[in-house]
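Nothing in this text is a laboratory measurement; each read-out follows from the coordinates by a stated rule. Just so it is clear, the structure is predicted and the values come from calculations on it, not from any experiment. Counting neighbours? That spans all protein chains shown, and the Cβs are built from the backbone with ideal geometry, glycine included.
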Amino acid sequence: MSLSQQDLNLEDAKEQLLEECEGIWKQVEECQNKLTFQEIETVPATDPKLSLLLHRMKALTAEFNQWQKRTPEIITTNPDVLVALGKDQLQRLDHDLEMILSTVHAKNKKLNEDLLREQQWLEEQQQLIDCLDQTEKEISNQVVQFSEKRAFQELKSKMLKIKAYKEELLNALGEFVEKHFPLPEDDGIQKKKTRSSREEDVQLITLHEILESLINTLINKPHDPYVTINNSFWSPYIELLLRYGIALRHLEDPSRIRLENFYD
Amino acid sequence: MDEIVAEYIRRTVLRIPRSEMGRMLTTWGVFSENQLQSINLHQIKDKLSQEVVQLCEENGATIKHAANLDIIYNYTYRDKKVWTVYKMTKEDGDENVVFNWVDFKNRFKASLRLLLKNVTITFKKFEDNSMWIRIAWGTQFKKPNQYKPTYVVYHSQTPYVFISHSIFKNCRVLLFQALLAAANYSDIHEMDLRSRCLDSLKDIVFKRYNQNVETFNPQPLQERNSTLENVDPRIIQEDKNKKETIRKINEEDFGNGSLPKLQYAQYKLETVFKSKPEMGILNDKEPFRCLVTFSSPHLLEALKSLAPAGLATAPLSRLLTCIVPEAKNSFKITEKKSGFSHGLPDQ
Amino acid sequence: MSTLAAFGKLPTLNSATILLVGTNEIFQQQLAETILQEKQDLKINIHLADSLPLPPERDHIRPRIDLIVFMVNMQSKHSYSNIEASLVHVDASFFLGKVCFLATGAGRLNQISIEVNAVLKLADLYCSPVLFCELECEKIRIATAQRLLRMLRICAGHMSGVSALSFSSLMKSSIGDSSFLA
């Protein structure tokens, strides 16, 4: 019952609205008729501005008067129409608000995500800072330990050790040579002591001395490491050095020898 | 082998792009199959050119061969030169002699050699039925300059000759005489038609371009319109008929096919300046000299699209549309008593 | 001489019609397409013409024109003189806010063959606004299309409370180009 009643009311309302629309359309048609009777005004080609401005002024005055006279139009008072219109507007508002809500939701979600991401980032940065701090500490400790003096002393002690070792080696080598390669005569050492007094008598030198002179020449004059053989060199020792490849003869001058390049 | 020949071959090889090298050397036909295969095309060009010269030395190549390679190169890149069209005419009553290429060559050579001893003449015929003649000019005391030759392109039994312009003035007369003698004509004159595109020039003078309005097929036009209409039913073309007329006029003027390629059109104005007497800037009797040049990579296409693009009203001036039918792109506009006449060549 | 009448026909329900006049077909087409891409709750009709008067044989099917846009290509004198000649065929009532000039290609100063002042003067002579627009740039084209659509809505009477005349008066004062009014 109530439904059909409502339908009936709606029909009435529609009818009423249509009637109103038709009334307005009739007005429009009447206006149009008046307009068509009006002559079309062309613009003068030479100086259109003045006539256009006059035209404009007239039109603006007319419009002004129209606005002055005009009373606000009231839409139909039919309650059904009003209800429908209100409903429609409310629905539209509802729709708009829902849209806004969903937008806000979406925005919120995005902001939350952003926040999370930022926090994560912050954490990572924090970790990085911690890590860097630790590294810095370690490095600074090392810096404290490393003192110039200490290093210098260390180097010095090392050097001393090496020097001692070298001395030891040299002594051992000297002893070995002296023990196993003595001069041919027993009184060689005694004769050596009196070498300056007996210039003409050639004094033989020990293998130790030969080696020393060879090494010294090689170290001091690397560009010309040859030593000239004179009568003070006992020839069997020279032969020994040459045969075991400890010394080499000069390619052109057989009277000169040098130490083999052991370090090459 | 002469040192000049070797150097000339080397320079010509250097000019050839790598992609074309194999093809051109094969067309040249100086090398045997084995020799061609032995050439390494992927090495530095300088080395390659020396290798080619080496092989030429073995084969005993002459300046004839060198000139042949130059013609092959220039035939392929004919658009690099500017070509001028000349037209030969016969006197009335001259009988048509049966044309023969051998006679043509002999007569041409004889005529040139009669007056100039130091000259290299090379002929080469191509598949498109054109005869290319390369002439390297020398003087009485100087050997021919191979680097500034003249190229002449001739099609048998046509009155047209296409000449590329690196020609000395005094040699031009000799060349014309030789051409007239060889092809049995009595006079030759320039046609005021010049372009880089040799094929387009041929299309213009041999009337091979598509300009026929009768053959015009309405199908594509309707399609074109429908594509415009189909864009959106809410867009309405008010002046469809007008556009249609513009298209028709354009098609009458330029045809609907592809157009020959020209690079410029020149108009030499020698008309009297028409002004109100009170202005009195110029005196009316002296012609007002002025030179107007239209230039574009593809001039005729550009002119054709002027009206549809709304940059000019259709139909265009006769002066612009008559380039193809008149077969010229240099005009001289002079004052005529009987109204305005366009560009008759002054001879 | 046929003149395009501003009120010759009844308006059509829920639709508005814009007329683009200009010689450059491609620009017209582009602008028309851009206008139609804008979402609208009323039906938009776009008529294209290269000059006025419009062909009379189509008068009976053409709806009432609400806004005329004269497109001046700043790079072509031909375009300018064509517009100048077309203006004569327009009903004076159109100049009460239903005409607008659209100058295209003014950005590339070295290629301009019409002075900007000439267009401003012409528009002032006909008491109508000028819009500048580079149609090649898509963003500017869209912005111009939106401006034209707003004007069209007003001119077609779809905005209650604002008439084309009052709107154009507003535009005039906002531009404030009193230099040409003197």
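Tabulated values for the structure
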| quantity | calculated |
| --- | --- |
| Size-normalised alpha-carbon gyration radius of the stretch C:16-175, reference 2.2 N^0.38 Å | 0.98 |
| Proximal charge balance of B:CYS197 [Cβ under 15 Å; K/R count +1, D/E count -1] | +3 |
| Restraint check, B:LYS248/B:LYS332; B:LYS242/B:LYS328; B:LYS261/B:LYS332; B:LYS109/B:LYS328; B:LYS80/B:LYS207, Cα-Cα greater than 26 Å | B:LYS248/B:LYS332; B:LYS242/B:LYS328; B:LYS109/B:LYS328 |
| Of the DSSP H helices in chain C, those whose Cα atoms cover at least 24 Å axially and whose Kyte score averages 0.0 or more | C:138-155 |
| Chain A: DSSP helices with Cα axial extent of at least 15 Å and average Kyte-Doolittle hydropathy no lower than -0.5 | A:48-69, A:207-220 |
| Coil-residue GluC sites (Glu not before Pro) of the stretch B:23-102, DSSP, other Cβ within 10 Å capped at 10 | B:GLU91, B:GLU95 |
| Residue exposure sequence - B:LYS143, B:LYS207 - by fewest surrounding Cβ within 10 Å | B:LYS207, B:LYS143 |
| Residue mean of other protein chain beta carbons inside 10 Å, A:241-252 | 0 |
| Ranked packing of A:72-85, B:295-308, C:9-22, B:116-129, most packed first, by mean Cβ within 10 Å | C:9-22, B:295-308, B:116-129, A:72-85 |
| Highest average packing first - A:52-59, B:177-184, Cβ atoms within 10 Å | B:177-184, A:52-59 |
| About the Cα centre, charge dipole magnitude for chain A (Lys/Arg +1, Asp/Glu -1 at Cβ), debye | 1900 debye |
| Total formal charge among the other residues, if their Cβ is under 15 angstrom from that of B:VAL5, Lys/Arg +1 and Asp/Glu -1 | -1 |
| Neighbour-count order for B:GLU252, A:GLU11, fewest beta carbons within 10 angstrom listed first | A:GLU11, B:GLU252 |
| Cβ neighbours within 10 Å from other chains - mean over C:17-27 | 3 |
| Net charge dipole size for the stretch B:3-76 [Lys, Arg +1 and Asp, Glu -1 on Cβ; Debye, nearest 20] | 260 debye |
| Burial ordering of C:CYS133, A:CYS21, fewest other beta-carbon atoms within 10 Å first | A:CYS21, C:CYS133 |
| Given 14 as the ceiling on other Cβ atoms within 10 Å, longest exposed-site-free region of chain A for chymotrypsin sites (Phe, Trp or Tyr not before Pro) in DSSP loops | A:1-145 |
| 26 Å tail of the calculated P(r), the stretch A:27-170, as % of Cα pairs | 76 percent |
| Top of A:GLN142, A:GLN89, A:GLN27 by mean-square fluctuation, Gaussian network on chain A, Cα under 10 Å | A:GLN27 |
| Compactness of the stretch A:63-137 - radius of gyration and Dmax, Cα, Å | 29.4, 88 |
| For the stretch A:1-108, diffusion coefficient by Stokes-Einstein and Kirkwood Rh (Cα), 4 °C, 1.567 mPa s, µm²/s | 67 µm²/s |
| Cα centre as origin, Lys/Arg/Asp/Glu Cβ charges: the stretch C:16-175 dipole, Debye | 380 debye |
| Cα-derived Rg over Rh, computed across the stretch B:3-76 with Rh taken as Kirkwood radius | 0.90 |
| Rounded, prolate or oblate (a/c below 1.5 giving rounded, otherwise prolate when a/b exceeds b/c) for the stretch C:88-177 by Cα gyration tensor | oblate |
| Among A:LEU170, B:SER38, C:TYR80 - extreme Cα towards positive end, dipole of the protein assembly as shown, charges at beta-carbon | B:SER38 |
| Over 25 Å between alpha carbons, listed pairs B:LYS243/B:LYS304; B:LYS169/B:LYS304; B:LYS268/B:LYS304 | B:LYS169/B:LYS304 |
| Cα-Cα P(r), chain A, percent of pairs per 5 Å interval | 1, 4, 5, 6, 6, 5, 4, 3, 3, 3, 3, 3, 3, 3, 2, 2, 2, 2, 2, 2, 2, 2, 2, 3, 3, 4, 5, 5, 4, 3, 2, 1, 0 |
| Shielding score for C:88-94, defined as the mean number of other chain Cβ atoms within 10 Å | 5 |
| For the stretch A:1-153, with +1 on Lys and Arg beta carbons and -1 on Asp and Glu, the positive-most of A:VAL143, A:LEU10, A:LEU60 along the dipole | A:VAL143 |
| Using distinct alpha-carbon pairs, which all enter the 1/r mean, Kirkwood radius of the protein assembly as shown in Å | 39.6 Å |
| Shape of the stretch C:33-93, Cα gyration tensor, a/c cut at 1.5 | oblate |
| Local electrostatic count at B:TYR75 - Lys and Arg +1, Asp and Glu -1, tallied over other residues with Cβ under 15 Å | +4 |
